[in-house]
1. Helix A:61-77 against the longest principal axis of chain A: what's the angle in degrees, Cα atoms only, rounded to the nearest 10?
2. Is it possible to state the helix-based mean residue ellipticity at 222 nm for the protein assembly as shown, with each DSSP H run of 4+ residues giving -39500 (n - 2.57), the sum divided by total residues, to the nearest 500 deg cm²/dmol? What is it?
3. Dividing the convex hull volume of the Cα atoms of region B:118-215 by its residue count, what figure in Å³ per residue is obtained?
4. Taking region A:1-101 on its own, what percent of its Cα-Cα pair distances exceed 18 Å?
5. For chain A, give the magnitude of the charge dipole about the Cα centre (Cβ charges: +1 Lys/Arg, -1 Asp/Glu; no others), in debye to the nearest 20.
6. Between 0 and 90 degrees, rounded to the nearest ten: what's the tilt of helix A:182-195 against the longest Cα principal axis of chain A?
7. Given R₀ = 35 Å, FRET efficiency for residue B:286-residue B:217 by Cβ-Cβ distance, to 0.05?
8. Just the number, please: carbon plus sulfur as a percent of the accessible area of region B:274-343, 1.4 Å probe, no ligands or DNA/RNA counted.
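The values are calculated or read from the model by the stated rules, or taken from the named source; none is laboratory data. This one's a predicted model, so the numbers in the text were calculated from it and none came from an experiment. Positions of Cβ are generated from backbone atoms using ideal geometry, with glycine treated the same way; all protein chains shown enter the neighbour counts. Heavy atoms of the whole protein, side chains included, go into the accessibility calculation; ligands, DNA and RNA do not. Shrake-Rupley method; radii C 1.70, N 1.55, O 1.52, S 1.80 Å.
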Amino acid sequence: MRRIFKIYKPFTHAGVMLAAQYRVNFIFFILGDVLMCFINYFLWKAVFSSGGAQTFMGFSETDMVSYIFISFLTSTLAYSDGSYAVGEEIKDGSIAMRMIKPIRFDLAFLFQELGERTMSISIVFLPLMVGVEIFRFVVTGAVQFNIFRFLLYLLSLVLAYLINFYVNVCYGYSAFVLKNLWGSNLLKNIIIGFLSGATIPLAFLPPVLSAVLNFLPFASLTYTPVMIYIGMYGPVQILTSFGLQIVWLIFFIFLQQVIWNACVKRLSVQGG
Amino acid sequence: MTGSCLSVAFDAIPRVTHMLTKEMIQLIYVNKLKKDFKKTIKEPGLKGSLKSFVKPKTEIITAVNEIDFHVPKGEILGFIGPNGAGKSTVIKMLTGILTPTSGSCEINGKVPYKNRKSYVREIGVVFGQRTQLWWDLALRETYTVLKEIYEVDDKSFKERMAFLNEVLELDEFITSPVRTLSLGQRMRADIAASLLHSPKVLFLDEPTIGLDVVVKDNIRKAVKTINENEQTTVILTTHDLQDVENLCDRIVMIDKGSKIFDGEIAELKRKFGQSREMKFVPADFSALDKLDYEGEFHLKDAVEVENDGHNVSVRFDSDRISVEKMLNYTLSKLHVKDINVSDADIEEIIKGIYRSEVKVDA
Ligand SMILES: Nc1ncnc2c1ncn2[C@@H]1O[C@H](COP(=O)(O)OP(=O)(O)OP(=O)(O)O)[C@@H](O)[C@H]1O
Ligand SMILES: [Mg+2]
């Protein structure tokens, strides 16, 4: 483990440097997202005040607000751009420079992305969490923050990120097949965003669909950690969803290897 | 009588064993190696792109066509051929980046595209057109990273860096970020990176492209030194024939994906060296019109005349036109201030082969 960190640490460093080049872009991106988040908030506020009901499909107004902000937080933190990085390297052939080194691509990309993400984590994490907690305190008049639940959330978040990363790597390798990745990448992000509960809670969807999505890897990407954080899951549900997350993670790590092995024969590194 | 017999026998034994071992210790085996690329043909216009989206038209390009060669341990092999011959494609297959369409290669007992991770530990690779260094890291840090990746211990790392510093003169830019390096600096840095872990085989794809004479010389010296000190086997591609003449024990020449020559440089010269160059300074340049080599010798395309305003050079094949006839005819037509005939150098020979003036039977 120590060795792995020693070898792949420089990739993290490279990622930090890369992110630093785009920090202005990044800040505008985040501002746009936060704005969307508030629009979402006012929308739901209107739904609750017009309906007159205390709860909506098991969610109180406070739950809903927490959900909106925490799901935003979660999907931002668990976001992976792996498919883009991998796809670009395959297209322009720079993957060749990784292939001539005795390293694992997935780990190299992973550590690089972790480096790129450090900034977004530091910018987004604290303000949003503190904001949500203050809101919950003001509305309910009691401290809702629970350190134990928070730690479970962090664990689930890390798993969500890793699944997301490997899904993206699988997708990136398909750059062999789908030569133009950008268009489909955007579409993929929107679809996954919806199916993983980043847009609305999966509980609001028709029960059958919601059950299917809960079982499929989608819920593991955003929904599970959020539900844990806002305390909607009991101990049994938490345990089963952790189990599911781990199963999906292993599945995608395995799948990624299979896809790579199948694709590498078709790799055509141009130039030189 | 018996004494001389004995000495002959004694002489013969070591030579035979030497040849045998040389035959047996081949480090690189390449057998009928072939690579096809599938290329989609884009048709023009909107209709065309729609059509190629639905049912793309593809064309197969054979970049490398059943090439065979072996390389013994410790040899420096020059891999040459015109642009687009397939050199880089071969290097990519030998370094495990591309999987051959058919045929096989084995290096140091390993198949590059099968045991990639363990295989690349034992090789060093430099692609002149690409860098393997981390763009954003200072060069020194890049080497520390590579040290970890290749698990080089502290002591060997120190010695290695000192040695590489000396031959490649890295000191002046070792603290700069890679992206600020000049091409020549970057190339030296890349070569050092490929040698850090003392590879058994070194692959260099155009390592001297775009470099000045001093840096080229530096790089050649480094390769030579490593090869001599550590018996590192080197395969290099280049368009600079100085590299070939200074470094290579042997050359393999390919054209349009096929091997057209495999042997020592001396052999190439012997085999294809009949082309000669006659240089002269005419007393009166307007008299040049009187020269009609094609008419005189009844040969088409056998003679090539170049006039730069000071010298006139005439290239011809001494198998077809003897030097004597050439001189006699030229001198009978005009007065010259100076004249000489020389062997074409390796550059001329290769130019000839690339232009397919010279028939090759490999
Ligand atoms: N990825 C690819 N897809 C399609 N065709 C390719 C690809 N890579 C190479 N080719 C084609 O294969 C042939 C050989 O290319 P290669 O790069 O091996 O040549 P080369 O000998 O290295 O040339 P140069 O001296 O110009 O570098 C060329 O015709 C090239 O267009
Ligand atoms: Mg090339």
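1. 10 degrees
2. Mean residue ellipticity at 222 nm (helix-derived): -18000 deg cm²/dmol.
3. 96 Å³
4. 67 percent
5. The calculated dipole for chain A is roughly 820 debye.
6. 30 degrees
7. So the FRET efficiency works out to roughly 0.20.
8. For region B:274-343, the apolar C and S fraction of the accessible surface comes to 43 percent.
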